[in-house]
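Working notes, structure below.
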Amino acid sequence: MEKLLSHLAHLEISSPDVEASAAFYEQKFGMRIVDRIDGTIYLRCWGDYYRYSLVVTDGDEPGLVRMAWRTASEAALETAAKNIAAAGTEGHWTDGGNGYGKAYEFVGPYGHPMRLVYELEKFEAEPGFASIYPDRPEKRSRHACAPRFLDHVTVAASDVRGFAKWYNEVLGFRIMAFTDLDEAPITVFSVLTTNEKSHDLGVVLDTSDRAGRVNHIAFWTDTHEELLITADVLMENGTPMEYGPSIHGIGEQNFLYFREASGLRVELNSGGYRNYVPDWEPTTWKPSDGSANFYRNGAMPDSMTESFPAADGLTATEEGASEDMKADLLNPYARQGRG
Ligand SMILES: [Fe+2]
């Protein structure tokens, strides 16, 4: 397949308190507010090449409103739209808006709203923000833990392999890895990529009947030291570490997880390998191989099984499934009403 998508361009999330969420990303996490339009707040990391990478919009619950992907070309956008229609998913063309040109918008087969776009506004630093280095969209932030740019999003879906297959076949994502439970061939996690990173799209198994949920949004920093400083600065300013810092087995990124003001989970990554192999065959990990925790010694908190918005039912994590979820998956008839 010709290359259709280049990378993740922005994430739009909902928050019951837009100002509180934006204040978190600005003041604690070191992003910068670039626009406020009709109650929606647009933020950027200092190294984002486009004007913004995070959009916070009003909503009753924290959740994913949209993921926007930049296509490889104008022609690739047309091809992607045709592929989506041919796969039986209905989409529509829009004008984009706030720096985005013509876009194709659709809801993926597992309920995730997507925008594909080629034409979009490149970031031009305002006076006082220009870097002395030509490759940098703006100067490095003075904030102690400012992420460099948006990295990936991990969503929840009722069928991990089905989700991965659709995004591979229709939009050309490479499927990099799966995690199956140690106890049974049940797939609870997968990572996909549009480029050389181990993933820019992750998916965890969701047993709830609420489609389109998100598990976390993730940003990038250059060095492991900056990641550790971020953990330190956030701890000192009242934001606990939910999980990490540690290293994922899959992707080999350093990671840490924390929650923003709405409760939505945010991850910070550094490191990790690059993989350029065009015909890569997805690997299958077990949690006991260290899929989520490279050192195989981490006790992942149960809170990591929460996805957003909240729903009855369980989601898996990069480390597999909780004991409750395993019991549910391995013996579904044990639970009343499911036999
Ligand atoms: Fe992640």
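Just a few scattered comments:
- Antiparallel content of DSSP bridges confined to the chain, in %, to 5: 75 percent
- Sequence-distant residues sharing a close amide H with G320 (under 5 Å, placed H): none
- The chain - mean residue ellipticity at 222 nm from DSSP helices (-39,500 (n - 2.57) per run, n ≥ 4, rounded to 500): -4500 deg cm²/dmol
- Amide H to amide H distances under 5 Å link Q253 with H248, where only residues 5 or more positions off or on other chains count and H is placed in the peptide plane.
- For segment 5-330, the solvent-accessible area with a 1.4 angstrom probe is 41 square angstrom per residue.
- Order of exposure, largest accessible area first, which applies to M176, M1 with probe 1.4 Å: M1, M176
- Per-residue SASA entry for R32, accessible area with 1.4 Å probe, Å² rounded to 10: 40 Å²
- Highest average packing first - 147-154, 3-10, Cβ atoms within 10 Å: 147-154, 3-10
- Accessible area, probe 1.4 Å, largest first, for residues E281, E19, E318: E281, E19, E318
- Added length on full extension, which subtracts the Cα-Cα distance from 0.36 nm per residue, S303 to R142: 54.8 nm
- Carbon and sulfur %, accessible surface of the chain computed with the full protein complex present, 1.4 Å: 49 percent
- HN-Hα J in Hz across segment 137-153 - Karplus 6.51, -1.76, 1.60, θ = phi - 60°, x for Gly and Pro: x, 8, 5, 4, 4, 7, 6, 4, 10, 6, x, 6, 7, 5, 10, 7, 9
- Sequence-ordered 3J(HN,Hα) estimates for segment 213-221 from the Karplus curve with 6.51, -1.76 and 1.60 and θ = phi - 60° stand at 7, 10, 8, 6, 10, 9, 10, 10, 10 Hz, glycine and proline given as x.
- In terms of the mean number of neighbouring beta-carbon atoms within 10 Å, the peptides 21-28, 96-103 order highest first as 21-28, 96-103.
- In straight-distance terms, cross-link reach from K286 covers every one of the aspartates and glutamates whose alpha-carbon lies under 19 Å from its own, apart from those fewer than eight places away in the same chain; here that gives D159, D180, D182, E183, D206, E252, D302, E318, E319, E323, D324, D328.
- When +1 charges are put on Lys and Arg Cβ atoms and -1 charges on Asp and Glu Cβ atoms, the dipole computed for segment 5-330 relative to its Cα centre reaches about 800 debye.
- Taking every alpha-carbon pair within the chain, the share separated by more than 33 Å comes to 23 percent.
- Per-residue accessible area (protein heavy atoms, 1.4 Å probe) orders R36, R213, R51 as R36, R51, R213, starting from the largest.
- Placed amide H near Y243: partners under 5 Å, 5+ positions off or other chain: Y257
The values are calculated or read from the model by the stated rules, or taken from the named source; none is laboratory data. Everything quoted here is computed from the prediction, not taken from an experiment. Here Cβ is always computed from backbone atoms with ideal geometry, including for glycine, and neighbour counts include all displayed protein chains. Areas reflect the complete protein model, heavy atoms only, side chains present, ligands, DNA and RNA absent. Shrake-Rupley method; radii C 1.70, N 1.55, O 1.52, S 1.80 Å.
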